[in-house]
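Report on one structure; see the data block that follows.
The values are calculated or read from the model by the stated rules, or taken from the named source; none is laboratory data. What you are looking at is a predicted structure, and each value in this text was computed from that prediction instead of being measured. Methodologically, a virtual Cβ is constructed for each residue, glycine included, from the backbone with ideal geometry; neighbour enumeration extends over all protein chains shown.
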Amino acid sequence: MFKFFLVKLSQLVPTFIGVTIVAFSFIRLLPGDPILLMAGERGISAERYAQLKSQMGFDRSLVVQYFDFLKGLLHGDLGNSLVTHAPVMNEFLSRFPATLELSLFALTFAVIIGLPAGVLAAVKRGKTLDHSIMGISLTGYSMPIFWWGLLLIMLFSSTLGWTPVSGRISFLYFIEPVTGFMTIDSLLAGDWGAFLSSLHHLILPGIVLGTIPLAVIARQTRSSMLEVLGEDYVRSARAKGLSNFRVIMVHTLRNALISVVTVIGLQVGLLLAGAILTETIFSWPGIGKWMIDAISRRDYPSVQGGLVLIAFIVMIVNLLVDLAYGVINPRIRH
Amino acid sequence: MALLDIEGLSVRFKTSSGLFAAVEDVDINVDRGEVWSIVGESGSGKSVSMLATMGLLPWTAQVTADKMAFDGQDLQQLSSRQRRRIVGGEMSMIFQEPMSSLNPCFTVGTQIDEMIKQHLGGSRRERHERALDLLAQVGIPDPARRIKAYPHQLSGGMSQRVMIAMAISCNPRLLIADEPTTALDVTIQAQILELLLRLQEDTGMALILITHDMGVVAETAKHVVVQYAGRQVEKQDVKSLFAHPRHPYTEALLSALPERAGDQDRLPTIPGVVPGQHDRPSGCLFNPRCQYATEHCREVEPVAAPDDPASTLCHYPLDHPAAGTPPSAASSQDSPPQDPLSSNPPSPNPPRPEVRP
């Protein structure tokens, strides 16, 4: 198992190098200049411009700049934001828990609803229930996030007034950040009202962000279940006289999960990407909103640093998924 | 009272082009401790009829029967819960593909344990002891180590032994073996058959062996059912079946045995294949491949004569002392009955399909 882990880990190295190149060049390919943007409408003198450019190190060749970035990265230093002058790492880490909390909530929502829906659709295949579940999930999958989010806000926040429109918690509460997770921190502080308020704020963005993963998980679960249901060993399980529930939930689902877990892992990358839109709609103070701001200001260090960190997290999650295979499927473990 | 009493069993599958009768009007009557064999080519509906008995067919199958009783209990009337108590417990089954019949996610021990827990119960320790004992009974070396193995770590023969151990774990009174040796090496085949027969003798359970190999039938069964294209064409004791096959299909199967081919260079074969859903002929289903077929065979579906103990589904059963000799079978009656295909009977009136040497 440990050797398996090391092999998988070493396979990540070339991917990671590729990510750094893409992240570094991506923001520089965009038209626009951070110094000119900083100067704003009043403009800037040529001498001052050259001075700032050399101060920020942008006058050196791209190759030198790239290796400088790489060197800093290996030391855990992503440079300072051009806008706030704070280290990019700190900026990222202070916002990441908000995004993680939202993504985990969305993923939990997607799995809790999507997995049983997929199993149910497979068991009732060809029936009305199957068609309804698959129809709804296709609709959910095709829905543009920003539009879906606005629709839900209009219905639940404006018309019905059930959920708040934006933010992580009501202004009434101030919670000292410990983990960065508003729900956990409010529980740690023992403030029940704050906990409910933070949960209340999570629901709508969580549903919006979780909709596409939910649809993907439901569809994948269904097709994977249908495939496994036709296997000989499922017939053997029935021949043992086991209850239908046990045949489905133990003998079939366990094998079907192997491909579902892959898809869930892939959704994590999608969640972080989707979070950018969802956070913008719901003014959620996470890395999505931060990245959008950084891109619009051409804050090179923040953008490249943020991209590399997000890619790194996605890679780690996929590594964990690979390890999860080993737990589920003994053929990989041995 | 027979242990397994099935009359008029039919299985139809819903397909996109309508219902397909995979099994029609099959009777089987198995008494306690008897060894039966169901024989026929692929597509004869052998497995389907037994899967229907076990209740293991997919939802597209419609199973009907005039009678379907196990030990006096009407299987069609039982609730699914009551039926599950019989399936796996008193009546169990092993399958053709041992490698894919075990769940890859669980150890051998877990899978045997699950079955014992379902039907016999007992403490964890008792069940573990029983599983070890069963593995030893089916000839698996070092059961204490093998019980922790996953299916992918076992060979085909070992997997089938595990399947057998599982099938007999709850002391069934009937074991159905669906081509248990087809997927295995020839050397292993004999071992598995021997094992099944030994267990049958030791425990006194009844055994139904589904096979397409007449050689296996000769070595194992006491009673034989011959199926063709979903129909039961003949039912006899093994001795009289081999000595006096009544249906031309049985005769053709027997003459394909190497032992019966005599000194021919090549074994006789039956031309053509079992008809599927779309190419079922009119009249007798076997007529396109039958060397004795007449115009009558091509037009009228045969029914078994009421006085025929073998209930042969043929207009002109072979070697029948009571019935008159059919025009086409007359010539073959002259040659020795066990080897009619190797002789060359003069051509009867209707042209016969060619029997390749």
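In table form, for the structure just shown:
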read-out	value
In region A:203-223, the residues that are out of contact with any Gly (no Cβ under 8 Å at 6 or more places or on another chain) and crowded, with 24+ Cβ neighbours inside 10 Å	A:Gly210
Test: B:Arg125 is facing another protein chain (nearest Cβ under 9 Å), surrounded by fewer than 17 Cβ atoms within 10 Å (Cβ to Cβ) and without any contact (Cβ under 8 Å) to a residue 12 or more places away in the chain	no
Subset of region B:69-90 that is facing chain A (nearest Cβ under 9 Å) and in contact (Cβ under 8 Å) with a residue 40 or more places away in the chain - its residue that is nearest to the chain's Cα centre (by Cα)	B:Gly88
Matching residues, region A:240-280, being more than 13 Å from chain B (Cβ to nearest Cβ) and charged (D, E, K, R)	A:Glu279
Check on A:Arg235, modelled with pLDDT of 90 or more, touching a Cys at 6+ places or on another chain (Cβ under 7 Å) and at the interface with chain B (Cβ under 7 Å from one of its Cβ atoms)	no
Candidates B:Ile94, B:Ile140 - the one that is crowded, with 18+ Cβ neighbours inside 10 Å, among the aliphatic types (A, V, I, L, M), closer than 29 Å to B:Thr182 by Cβ and away from chain A (no Cβ under 14 Å)	B:Ile140
Elements of type helices (runs of 4 or more DSSP H) contained in region A:254-334, each with 2 or more residues being without any contact (Cβ under 8 Å) to a residue 60 or more places away in the chain and closer than 29 Å to A:Gly149 by Cα	A:287-296, A:300-328
Complete set of residues in region B:173-226 that are buried (at least 19 other Cβ atoms within 10 Å of the Cβ), in a helix (DSSP H, G or I) and touching a Phe, Trp or Tyr at 6+ places or on another chain (Cβ under 9 Å)	B:Met214, B:Val217
Count - residues of region B:69-91 that are under 26 Å from B:Phe20 (Cβ atoms) and surrounded by 21 or more Cβ atoms within 10 Å (Cβ to Cβ)	2
Out of B:Pro340, B:Pro309, sole residue that is crowded, with 20+ Cβ neighbours inside 10 Å, closer than 20 Å to B:His244 by Cβ and at pLDDT below 85	B:Pro340
Conditions (1) within 14 Å of another protein chain (Cβ to nearest Cβ); (2) closer than 11 Å to B:Gly109 by Cα; (3) not charged (D, E, K, R); number of the one not met by B:His152	(2)
Yes/no for B:Ile38 being more than 14 Å from every other protein chain (Cβ to nearest Cβ) and among the β-branched types (Val, Ile, Thr)	yes
Matching residues in region A:124-177 - criterion: being buried (at least 16 other Cβ atoms within 10 Å of the Cβ) and in a helix (DSSP H, G or I)	A:Asp130, A:Ile133, A:Met134, A:Ser137, A:Gly140, A:Ile145, A:Trp148, A:Gly149, A:Leu152, A:Ile153, A:Phe156, A:Ser157
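Each row is one residue, and each column tells you yes or no for (1) among the hydroxyl-bearing types (Ser, Thr, Tyr); (2) over 17 Å from B:Arg161 (Cα atoms).
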{"position": "B:Gln189", "(1), (2)": "no, no"}
{"position": "B:Ile192", "(1), (2)": "no, no"}
{"position": "B:Arg198", "(1), (2)": "no, no"}
{"position": "B:Thr203", "(1), (2)": "yes, no"}
{"position": "B:Val225", "(1), (2)": "no, yes"}
{"position": "B:Ala229", "(1), (2)": "no, yes"}
{"position": "B:Glu234", "(1), (2)": "no, yes"}
{"position": "B:Tyr249", "(1), (2)": "yes, yes"}
{"position": "B:Ser255", "(1), (2)": "yes, yes"}
